[in-house]
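Read the figures in this text as sums done on the coordinates, not as results from a lab. What you are looking at is a predicted structure, and each value in this text was computed from that prediction instead of being measured. Cβ: placed from backbone, ideal geometry, glycine included. Neighbour counts: every protein chain shown.
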Amino acid sequence: MKVGLFLTNQQRLDTDMVKALDEQIAMTHAARDHGWDSLFSGQHYLNEGDNKQLQLVPFLARLIPEAGDMTTGLGVLLLNLHNPVYTAETVATLDIIARGNFVFGVGLGYRDVEFDAFNVPRGTRVQRFEEYLELVQRLWSEESVTHHSDTCVLENVRMNIRPVQKPRPPIWFAANNDKAIRRAARMGDNWFINPHSTLETIRRQMVIYRDELEAHGKKFPEEFPVIKEIYCARDRATAAELAGPYLLGKYRDYAKWGQDDAMPEDESFDKDFDELTRDRFVLGSPEECFEQLRPYWQEIGVNHLIFRTHWAGMPVQTALESMQLISRELLPELRKL
């Protein structure tokens, strides 16, 4: 079992971002020095409400040298917001900086303010996503690329900057709803399971994913990751007390942004903390966290757990205390699997 760290990289408006960056570096070092396997972060533009964040690509480029031998990755890049030439050259550059130890995580996105800012009209978003993903891979592998579309015109070009990994970095595919799950099976190297869904929803969607893999003659992925919201403390009550206000705040923000509108119909974040937590988040002692995680490898087939244990507004020391307990007591048990 691999274990990774997901840095949320979202901060409240009154946060000193230089100090926050130092704190994220400290969390990276804490994971690196205790043998965690991977490091991911995500992307948004034009954060709303009491939120701001550093942009994903320069943020990861800064963290890669701090991460040692950890795999680093985009978790995820909002692919259809970016010109495919930019994406192909940027991801190739990151793969080189990471010396070929990098993951190309992609997602469609769900916020109208981002689609509007990058002029991605309704009715074109999925088509543009698929077009761009195919074109990025062509630019990495073909000697000559010609492509004509409304947003990108290439005439017999060759991209000279290419990834270290051949034929390309692994493509991890974020997906929330059933259509996106099928797209992940068809176009991705795996399904990068989100932290938002309940275990019941993931069980149901796994049937869809496996059926779609079979329909396209693809094997189940060798590496199968999930992001989990987790806080590890001496008991569940303490974990809920320490993490609850920040974790609940995160999902209140998600609801305002429309994240749960992009989820299956039976998912909603408009719940009190106990109901929101149930069957979704991992809270408690190391032993309790282990048991809450158990279905993900026994039933779902996950072999890469990526933990987010820090949310906007949480003091870094509170996050580091969870990380320390995970490193000392949970990680050794997960390594036995």
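Summary table below
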item: Above-threshold pairs, the threshold being 30 Å between Cα atoms, out of 19/271; 179/256; 219/256; 271/336; result: 19/271; 219/256; 271/336
item: (i) 141; (ii) 130; (iii) 156, with the label sought being that of the calculated volume of the Cα convex hull per residue in Å³; result: (ii)
item: Beta bridges per DSSP with both ends in the chain, % antiparallel, nearest 5; result: 10
item: Backbone N under 14 Å from the residue 116 label point (7 Å along Cα→Cβ), restricted to segment 248-263; result: 257-258
item: Student exercise, segment 2-335 dipole from Lys, Arg, Asp, Glu Cβ charges, in Debye to nearest 20; result: 720
item: Separation of the residue 158 and residue 13 label points, Cα + 7 Å toward Cβ, nm; result: 5.2
item: Student exercise, segment 1-119 dipole from Lys, Arg, Asp, Glu Cβ charges, in Debye to nearest 20; result: 220
item: Which of 50, 16 has the fewest Cβ neighbours within 10 Å, and the rest in rising order; result: 16, 50
item: Alpha carbon centroid spacing (whole Å) that separates segment 79-150 from segment 44-73; result: 18
item: Lys, Arg +1 and Asp, Glu -1 on Cβ, resulting dipole of segment 231-337 about Cα centre, debye, nearest 20; result: 540
item: Net charge of Cβ neighbours under 12 Å - reference residue 270; Lys, Arg +1; Asp, Glu -1; result: -2
item: Residues 314, 17, sorted so that the one with the fewest Cβ neighbours within 10 Å comes first; result: 17, 314
item: Cβ-based exposure ranking for 251, 231, 296, in which fewest neighbours within 10 Å come first; result: 296, 251, 231
item: Length-normalised contact order for the chain - Cα pairs under 8 Å, 6+ apart - percent; result: 20
item: Distance in nm between pseudo-label sites at residue 141 and residue 255 (7 Å out along the Cβ direction from Cα); result: 4.4
